[in-house]
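S.K.: Before we start, here is the structure in question, set down as C-alpha coordinates.
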Amino acid sequence: MVIELANIFENEGSVVSFDRLVPTDGDCADERFPSGIVCRGTVANHCGIVTIQGMADFSFRAPCDRCAAVTERVFSIPIVHTLCRTESEEEDDGIVVNSDLSLDLDSLCYEDAILSLPTRFLCRDDCKGLCPICGVDRNLSDCDCQKPSDPRLAALRQLLDDSMDKSQED
Ligand SMILES: [Zn+2]
Ligand SMILES: [Zn+2]
(Lines give C-alpha, C1' and ligand atoms only; values in the text may rest on other atoms or scores of the structure.)
(Ligands and ions follow the chains in the order given, each with its own letter.)
Protein backbone atom coordinates (compact mmCIF):
# COMPACT_ATOMS: atom_id res chain seq x y z
CA MET A 1 0.00 0.00 0.00
CA VAL A 2 1.34 3.41 -0.99
CA ILE A 3 0.43 6.54 0.97
CA GLU A 4 0.59 9.73 -1.08
CA LEU A 5 2.33 12.39 0.98
CA ALA A 6 2.21 15.50 -1.24
CA ASN A 7 -1.02 16.84 0.31
CA ILE A 8 0.10 15.95 3.81
CA PHE A 9 3.39 17.83 3.40
CA GLU A 10 1.53 20.84 2.02
CA ASN A 11 -1.19 21.08 4.67
CA GLU A 12 -0.39 21.57 8.33
CA GLY A 13 -2.82 19.70 10.52
CA SER A 14 -3.65 17.07 7.94
CA VAL A 15 -3.97 13.50 9.16
CA VAL A 16 -4.32 10.28 7.17
CA SER A 17 -4.96 7.07 9.04
CA PHE A 18 -4.17 3.56 7.90
CA ASP A 19 -5.28 0.11 9.00
CA ARG A 20 -3.79 -2.61 6.87
CA LEU A 21 -2.84 -6.24 6.78
CA VAL A 22 0.51 -6.28 5.01
CA PRO A 23 0.69 -9.58 3.12
CA THR A 24 3.92 -11.51 3.53
CA ASP A 25 3.50 -13.64 0.44
CA GLY A 26 3.82 -10.88 -2.14
CA ASP A 27 6.47 -8.18 -2.46
CA CYS A 28 7.54 -8.78 1.14
CA ALA A 29 7.48 -12.57 0.83
CA ASP A 30 8.67 -14.13 4.06
CA GLU A 31 7.19 -17.39 5.29
CA ARG A 32 8.43 -16.66 8.83
CA PHE A 33 5.42 -14.31 9.09
CA PRO A 34 2.55 -16.81 8.73
CA SER A 35 -0.27 -14.26 9.17
CA GLY A 36 1.18 -11.13 7.60
CA ILE A 37 1.70 -7.91 9.54
CA VAL A 38 -1.20 -5.87 10.85
CA CYS A 39 -0.37 -2.18 11.01
CA ARG A 40 -2.50 0.68 12.26
CA GLY A 41 -1.71 4.32 12.75
CA THR A 42 -1.60 7.76 11.23
CA VAL A 43 0.55 9.92 9.03
CA ALA A 44 0.16 13.49 10.24
CA ASN A 45 1.53 16.97 9.67
CA HIS A 46 2.01 18.78 12.97
CA CYS A 47 3.40 22.28 12.48
CA GLY A 48 5.13 21.29 9.28
CA ILE A 49 6.69 18.10 10.68
CA VAL A 50 5.31 14.97 9.07
CA THR A 51 5.41 11.81 11.17
CA ILE A 52 4.12 8.28 10.93
CA GLN A 53 2.99 6.83 14.25
CA GLY A 54 1.43 3.44 14.70
CA MET A 55 1.75 -0.14 15.81
CA ALA A 56 2.51 -3.34 13.95
CA ASP A 57 1.34 -6.73 15.22
CA PHE A 58 2.58 -9.99 13.80
CA SER A 59 3.50 -13.52 14.66
CA PHE A 60 6.91 -14.81 13.74
CA ARG A 61 7.69 -18.49 13.23
CA ALA A 62 11.23 -19.84 13.16
CA PRO A 63 13.44 -22.46 14.83
CA CYS A 64 14.59 -21.61 18.35
CA ASP A 65 18.23 -20.52 18.30
CA ARG A 66 19.02 -22.84 21.23
CA CYS A 67 16.94 -26.01 20.82
CA ALA A 68 15.84 -25.71 17.17
CA ALA A 69 12.16 -26.34 17.99
CA VAL A 70 10.00 -24.43 15.50
CA THR A 71 8.33 -21.73 17.56
CA GLU A 72 5.73 -19.08 16.87
CA ARG A 73 5.76 -15.91 18.95
CA VAL A 74 3.61 -12.80 18.78
CA PHE A 75 5.13 -9.33 18.65
CA SER A 76 3.68 -5.85 18.88
CA ILE A 77 6.03 -3.05 17.93
CA PRO A 78 5.78 0.71 17.49
CA ILE A 79 6.16 2.23 14.02
CA VAL A 80 7.41 5.77 14.61
CA HIS A 81 9.34 7.84 12.09
CA THR A 82 9.68 11.40 10.96
CA LEU A 83 9.21 11.61 7.21
CA CYS A 84 11.62 13.91 5.42
CA ARG A 85 11.75 15.14 1.85
CA THR A 86 15.51 15.60 1.74
CA GLU A 87 18.59 14.13 3.38
CA SER A 88 19.32 17.46 5.08
CA GLU A 89 15.95 17.41 6.85
CA GLU A 90 16.61 13.96 8.22
CA GLU A 91 16.50 13.52 11.99
CA ASP A 92 16.92 10.61 14.38
CA ASP A 93 14.51 7.85 13.46
CA GLY A 94 13.74 9.79 10.31
CA ILE A 95 13.36 8.36 6.86
CA VAL A 96 13.71 10.12 3.56
CA VAL A 97 10.73 9.46 1.32
CA ASN A 98 10.78 8.92 -2.43
CA SER A 99 11.11 11.99 -4.60
CA ASP A 100 7.52 11.47 -5.79
CA LEU A 101 6.43 11.97 -2.15
CA SER A 102 4.97 8.54 -1.67
CA LEU A 103 5.46 6.16 1.21
CA ASP A 104 5.58 2.42 0.68
CA LEU A 105 3.85 1.42 3.90
CA ASP A 106 4.23 -2.32 3.34
CA SER A 107 7.99 -2.35 3.04
CA LEU A 108 8.38 0.12 5.90
CA CYS A 109 6.37 -2.11 8.25
CA TYR A 110 8.16 -5.22 7.05
CA GLU A 111 11.60 -3.65 7.58
CA ASP A 112 10.63 -2.37 11.03
CA ALA A 113 9.33 -5.83 11.94
CA ILE A 114 12.59 -7.48 10.87
CA LEU A 115 14.69 -4.89 12.75
CA SER A 116 12.64 -5.36 15.91
CA LEU A 117 13.31 -9.09 16.17
CA PRO A 118 15.57 -10.20 19.03
CA THR A 119 19.11 -11.19 18.03
CA ARG A 120 18.46 -14.56 19.66
CA PHE A 121 15.04 -15.99 18.85
CA LEU A 122 14.10 -18.41 21.63
CA CYS A 123 11.12 -20.74 22.13
CA ARG A 124 10.97 -19.34 25.68
CA ASP A 125 13.25 -17.04 27.59
CA ASP A 126 14.66 -19.84 29.74
CA CYS A 127 15.10 -22.42 26.97
CA LYS A 128 17.73 -24.90 28.18
CA GLY A 129 18.83 -25.82 24.68
CA LEU A 130 20.38 -29.05 23.51
CA CYS A 131 23.02 -31.00 25.43
CA PRO A 132 26.29 -30.29 23.60
CA ILE A 133 27.43 -33.87 24.25
CA CYS A 134 24.48 -36.14 23.47
CA GLY A 135 22.18 -33.66 21.73
CA VAL A 136 19.12 -34.37 23.90
CA ASP A 137 16.61 -31.51 24.20
CA ARG A 138 17.11 -30.50 27.81
CA ASN A 139 13.67 -28.89 27.93
CA LEU A 140 12.15 -32.34 27.48
CA SER A 141 14.47 -34.62 29.42
CA ASP A 142 17.67 -34.69 31.39
CA CYS A 143 20.68 -36.67 30.35
CA ASP A 144 23.55 -38.24 32.25
CA CYS A 145 26.26 -36.33 30.50
CA GLN A 146 28.79 -34.81 32.83
CA LYS A 147 29.05 -31.09 32.68
CA PRO A 148 32.59 -30.67 31.38
CA SER A 149 34.54 -28.90 34.08
CA ASP A 150 37.21 -27.60 31.77
CA PRO A 151 36.12 -25.89 28.56
CA ARG A 152 39.33 -26.99 26.81
CA LEU A 153 38.45 -30.60 27.65
CA ALA A 154 34.97 -30.10 26.23
CA ALA A 155 36.43 -28.71 23.03
CA LEU A 156 38.75 -31.70 22.78
CA ARG A 157 35.86 -34.08 23.33
CA GLN A 158 33.87 -32.31 20.63
CA LEU A 159 36.82 -32.64 18.28
CA LEU A 160 37.09 -36.37 19.00
CA ASP A 161 33.36 -36.85 18.50
CA ASP A 162 33.52 -35.04 15.20
CA SER A 163 36.41 -37.13 13.92
CA MET A 164 34.65 -40.32 15.04
CA ASP A 165 31.52 -39.24 13.20
CA LYS A 166 33.62 -38.61 10.13
CA SER A 167 35.37 -41.98 10.29
CA GLN A 168 32.01 -43.70 10.66
CA GLU A 169 30.73 -41.94 7.60
CA ASP A 170 33.77 -43.03 5.55
ZN1 LIG B 1 14.32 -23.49 22.60
ZN1 LIG C 1 23.62 -35.14 27.24
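S.K.: Counting helices only, and only those DSSP H runs with n ≥ 4, report the 222 nm mean residue ellipticity of the chain as the sum of -39,500 (n - 2.57) divided by its residues, in deg cm²/dmol to the nearest 500.
M.R.: Computed mean residue ellipticity for the chain: -6500 deg cm²/dmol.
S.K.: Could you look at region 1-152 and say what percent of its accessible area is carbon and sulfur, using a 1.4 Å probe and all protein chains?
M.R.: 48
S.K.: Can you work out the accessible area per residue across the chain, with the rest of the protein chains kept in place, probe 1.4 Å, in square angstrom?
M.R.: 64
S.K.: Arrange the peptides 132-144, 31-43 so that the one whose residues have, on average, the most other Cβ atoms within 10 Å appears first.
M.R.: Taking the mean over residues of other Cβ atoms within 10 Å, the ranking is 31-43, 132-144.
S.K.: Roughly speaking, what is the centre-to-centre gap between region 103-159 and region 1-60 when only Cα atoms are used, to the nearest Å?
M.R.: Each part reduced to its Cα centre gives a spacing of 33 Å.
S.K.: Expressed as an acute angle from 0 to 90° and rounded to the nearest 10, what is the orientation of the C-alpha long axis of helix 151-169 relative to the principal long axis of the chain?
M.R.: Orientation of helix 151-169: about 80 degrees from the principal axis.
S.K.: Can you tell me the 0 to 90 degree angle between the C-alpha axis of helix 105-116 and the longest principal axis of the chain, rounded to 10?
M.R.: Taking Cα atoms only, the helix is inclined about 40 degrees.
S.K.: Can you compute the modelled spin-label distance between K128 and R85, with each label point 7 Å from Cα toward Cβ, in nm?
M.R.: 6.1
S.K.: What does the charge dipole of the chain about its Cα centre add up to, to the nearest 20 debye, if the Cβ of each Lys and Arg holds +1 and the Cβ of each Asp and Glu holds -1?
M.R.: Here the chain has a charge dipole of around 860 debye.
S.K.: Full-extension gain between T42 and F121, please, as 0.36 nm times their residue separation minus the C-alpha to C-alpha distance.
M.R.: Full extension of this stretch gives 25.4 nm more.
S.K.: Which part of region 90-132 falls in the paramagnetic zone of I49, meaning amide N under 18 Å from the point 7 Å along Cα-to-beta-carbon?
M.R.: The answer is 90-97.
The values are calculated or read from the model by the stated rules, or taken from the named source; none is laboratory data. Predicted, not measured: the structure shown is a model, and the values here were computed from it. With ideal geometry, Cβ positions are generated from the backbone for all residues, glycine too; neighbour counts draw on all protein chains shown. What goes into the accessible areas is simple: the full protein's heavy atoms, side chains included, and nothing from ligands, DNA or RNA. Shrake-Rupley method; radii C 1.70, N 1.55, O 1.52, S 1.80 Å.
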